[in-house]
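Student: Quick one: structure below, then a few questions.
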Amino acid sequence: MAVAAPAPDESGLTPAMQAAFLRLRAQFLAGLPARLDEIGRAAAAGEVAGGQAALHRLAGAAGGYGFADLGTAARRAEQVLLAAGEAPFHQPAWQAAWAALQAESATVR
Amino acid sequence: MSTLRRVMCVEDDPDIRAILDFSLAGVGGLELCVCAGGQEALAAAPGFAPELVLLDVMMPGLSGPETLVALRALPVMAGVPVVFLTAKAMPDELEQLLVHGATGLIVKPFDPMTLAQDILPYWEHGRGRASAG
């Protein structure tokens, strides 16, 4: 007896694909603390290149999983870091951008 | 009329590799080769023979532009469109990337539900024309 395939929802995805996407989202969220820790360690060590690279990766990944505001906050923090001069991690602009990123990440977890 | 089948993705972030796989292979039904960096891509390209390459820009080791130059030296890559995937968004940054000879670029974040469709114009218009930059 033939069984009809599950109908996709309005996103065009079958239930199986929806479930797969949700699993990927969960994996991304599970890895978010480690991403933030990496940025925090770079800031504590004064490693601008490392912090910028970690922010850049987060900015690129977050939106693909539906967390657009998180990606925007990461991008903003990256731009602040790139625009800062000496001792960027001690500057108020970085402190504010970092706090905003951490706050945004708390809303998605 | 031929259709796009084989896409190579070069991306160092594991979460982005996962969503690329979901998007292009799962949603798009494409045959995918996902590489974690430029050296891996250079090793895989001759055997996989991609019809289009999605290439991250910022990667450790070989950068995206450096990988592009090295890929273009491979005979199998003649005429194959290479599209940069980048989180850069400022117009001057984007313009600088195209100078390296990419067929086009897609700004992250991309929509995983439509990426397989979004890359088609680059394949349709870029194949056969792509050459060393």
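Student: Which members of the range B:79-112 meet the condition of being open to solvent by 60 Å² or more (accessible area, probe 1.4 Å) and modelled with pLDDT of 90 or more?
Tutor: Passing the criteria: only B:Asp111.
Student: For the range B:63-70, does any single residue satisfy the condition of being among the β-branched types (Val, Ile, Thr) and either in a loop (DSSP other than H, G, I, E, B) or open to solvent by 30 Å² or more (accessible area, probe 1.4 Å) (or both)?
Tutor: There is at least one residue in the range B:63-70 that is among the β-branched types (Val, Ile, Thr) and either in a loop (DSSP other than H, G, I, E, B) or open to solvent by 30 Å² or more (accessible area, probe 1.4 Å) (or both).
Student: Next question, about the same structure. One residue is enough: does the range B:106-125 have a residue meeting the conditions closer than 25 Å to A:Leu70 by Cβ and among the small types (Gly, Ala, Ser)?
Tutor: Yes; the residues of the range B:106-125 include at least one that is closer than 25 Å to A:Leu70 by Cβ and among the small types (Gly, Ala, Ser).
Student: Any residue at all in the range B:54-68 that is within 24 Å of A:Met17 (Cα to Cα), touching a Cys at 6+ places or on another chain (Cβ under 8 Å) and more than 14 Å from chain A (Cβ to nearest Cβ)?
Tutor: No - not one qualifying residue is present in the range B:54-68.
Student: Considering only residues that are assigned to a loop (DSSP other than H, G, I, E, B) and either open to solvent by 30 Å² or more (accessible area, probe 1.4 Å) or within 14 Å of another protein chain (Cβ to nearest Cβ) (or both), look in the range B:8-48 and name the one that is farthest from B:Arg127 (Cα to Cα).
Tutor: B:Asp13
Student: To continue, here is another question. Taking interchain pairs and intrachain pairs at least six residues apart, which have beta carbon atoms under 9 angstrom, with the first residue in the range A:56-84 and within 9 Å of chain B (Cβ to nearest Cβ) and over 21 Å from B:Arg17 (Cα atoms) and the second polar (S, T, N, Q) and in a helix (DSSP H, G or I)?
Tutor: A:Glu78/A:Gln52
The values are calculated or read from the model by the stated rules, or taken from the named source; none is laboratory data. All of these numbers come straight from a predicted model, not from anything done at the bench. Positions of Cβ are backbone-derived with ideal geometry, glycine not excepted, and every protein chain shown enters the neighbour counts. For accessibility, only protein heavy atoms count, side chains too; no ligands or nucleic acids. Shrake-Rupley method; radii C 1.70, N 1.55, O 1.52, S 1.80 Å.
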